[in-house]
Amino acid sequence: MMRSLRWALILATGLLAGCLNGKTDKTVTESESAKPGTQSEMSGPGAETAEAENTLLLDLKSGQVVIRLRPDLAPEHVKRIKKLTREGFYNGHKFHRVIPGFMAQTGDPTGTGAGGSDYHDLKAEFTNKAKFERGTLGMARSSHPDSANSQFFICFKASPWLNRKYTIVGQVVKGMEFVDKIKKGDPESGEVPGKPDIIVKMQMAADAK
């Protein structure tokens, strides 16, 4: 289904769906970031390994960003992120839509906002247990709730209009200052002029060498 749509841009005033190559732009919108919440304290053998298994290391040109994934909130989306990360899918992907004061979006191999992985789209895993705050990692989607696939975004600041409308998959716990340095796009469309910044490398902490 994702291949037949171009990702939709949802603005504060309503839904604007643009067509490009017969697809709909899967986009998080300012019209529509998450504190990790209190998770069970882990201790004893295996605790460090378990934490590393749910920690993303996102390398940008300015530095490394550490992201704590939230399988307690969105288990299927977290599985997808981890699977694609381990396949090297995200390496080199552009931050194709970056709206100042809102969010930076990536995860599209085409760099246009119209692409995704070869895997099926995911059913929404919205939650009322966490909110979109500064540093929240959320899944981008089209106007259909069950259309998230591979694209994700990181919020520059709290975005409460996204709560219970987009799936929260993680939270930046270190290196947010590097996210702030991602090249910005148009204040409304988020389109980045010239050469957008990219994901230099993304890996699971458990796999890091």
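Yes/no per residue for (1) outside any loop (DSSP other than H, G, I, E, B); (2) out of contact with any strand residue (DSSP E or B) (no Cβ under 9 Å at 6 or more places or on another chain):
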| residue | (1), (2) |
| --- | --- |
| Pro71 | no, no |
| Val78 | yes, no |
| Gly101 | no, yes |
| Gly111 | no, no |
| His120 | no, yes |
| Ala130 | no, no |
| Glu133 | no, no |
Among the residues of segment 189-201, is there at least one that is within 19 Å of Val65 (Cβ to Cβ) and not in a loop (DSSP other than H, G, I, E, B)? yes
If Lys26 passes every condition in (1) closer than 13 Å to Phe152 by Cα; (2) of a type outside the set (Val, Ile, Thr); (3) at pLDDT 95 or above but one, which one does it miss? (3)
For residues in segment 80-99 being β-branched (Val, Ile, Thr) and not in a helix (DSSP H, G or I), which is nearest to Ser150 (Cα to Cα)? Val98
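Table: residues versus (1) touching a helix residue (DSSP H, G or I) at 6+ places or on another chain (Cβ under 9 Å); (2) modelled with pLDDT of 95 or more; (3) surrounded by fewer than 19 Cβ atoms within 10 Å (Cβ to Cβ); (4) more than 16 Å from Val192 (Cβ to Cβ).
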{"site": "Glu53", "(1), (2), (3), (4)": "yes, yes, yes, yes"}
{"site": "Leu60", "(1), (2), (3), (4)": "yes, yes, no, no"}
{"site": "Gly63", "(1), (2), (3), (4)": "yes, yes, yes, yes"}
{"site": "Thr85", "(1), (2), (3), (4)": "yes, yes, no, yes"}
{"site": "Phe102", "(1), (2), (3), (4)": "no, yes, no, no"}
{"site": "Thr112", "(1), (2), (3), (4)": "no, no, yes, no"}
Hey, can you tell me all the residues within segment 164-179 that are assigned to a loop (DSSP other than H, G, I, E, B) and over 15 Å from the mean Cα position of the chain (by Cα)? Arg164, Gly175
Kindly indicate the residue of segment 65-83 that is among the basic types (Lys, Arg) and under 13 Å from the mean Cα position of the chain (by Cα) and also surrounded by the most Cβ atoms within 10 Å (Cβ to Cβ) among those meeting that condition. Arg70
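Residue-wise test of (1) among the polar types (S, T, N, Q); (2) in contact with a His (Cβ under 9 Å, 6 or more places away or on another chain).
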residue	(1), (2)
Glu87	no, no
His96	no, no
Gly116	no, no
Asp121	no, yes
Glu133	no, no
Ser147	yes, no
Cys155	no, no
Tyr166	no, no
Pro196	no, yes
Take segment 125-159 and flag every residue that is buried (at least 24 other Cβ atoms within 10 Å of the Cβ) and among the aliphatic types (A, V, I, L, M). Leu137, Met139, Ala140, Ala148, Ile154
Quickly run through segment 172-189 and pick out the residues that are within 20 Å of His93 (Cβ to Cβ) and touching a Pro at 6+ places or on another chain (Cβ under 9 Å). Ile182, Lys183, Lys184, Gly185, Asp186
Taking only pairs six or more apart or across chains, which ones have beta-carbon atoms under 7 Å, a first residue in segment 109-130 that is under 14 Å from Lys79 (Cα atoms), and a second residue that is of a type in the set (Ser, Thr, Tyr) and buried (at least 20 other Cβ atoms within 10 Å of the Cβ)? Ser117/Ser150; Asp121/Ser147; Ala124/Thr167; Glu125/Thr167
Just to be sure before I move on: is Gly138 touching a helix residue (DSSP H, G or I) at 6+ places or on another chain (Cβ under 9 Å) and assigned to a strand (DSSP E or B) in the structure I sent? yes
So Asp197 fits all but one of (1) closer than 16 Å to Leu84 by Cβ; (2) touching a strand residue (DSSP E or B) at 6+ places or on another chain (Cβ under 7 Å); (3) of a type in the set (Asp, Glu); what number is the exception? (1)
Only listed residue being of a type outside the set (D, E, K, R), at pLDDT 95 or above and within 27 Å of Lys174 (Cβ to Cβ), chosen from Ala74, Ala34: Ala74
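The values are calculated or read from the model by the stated rules, or taken from the named source; none is laboratory data. The structure presented is a predicted model; accordingly, all values stated were derived computationally and were not measured. All Cβ positions, even for glycine, are placed from backbone atoms using ideal geometry, and neighbour counts span all protein chains on display.
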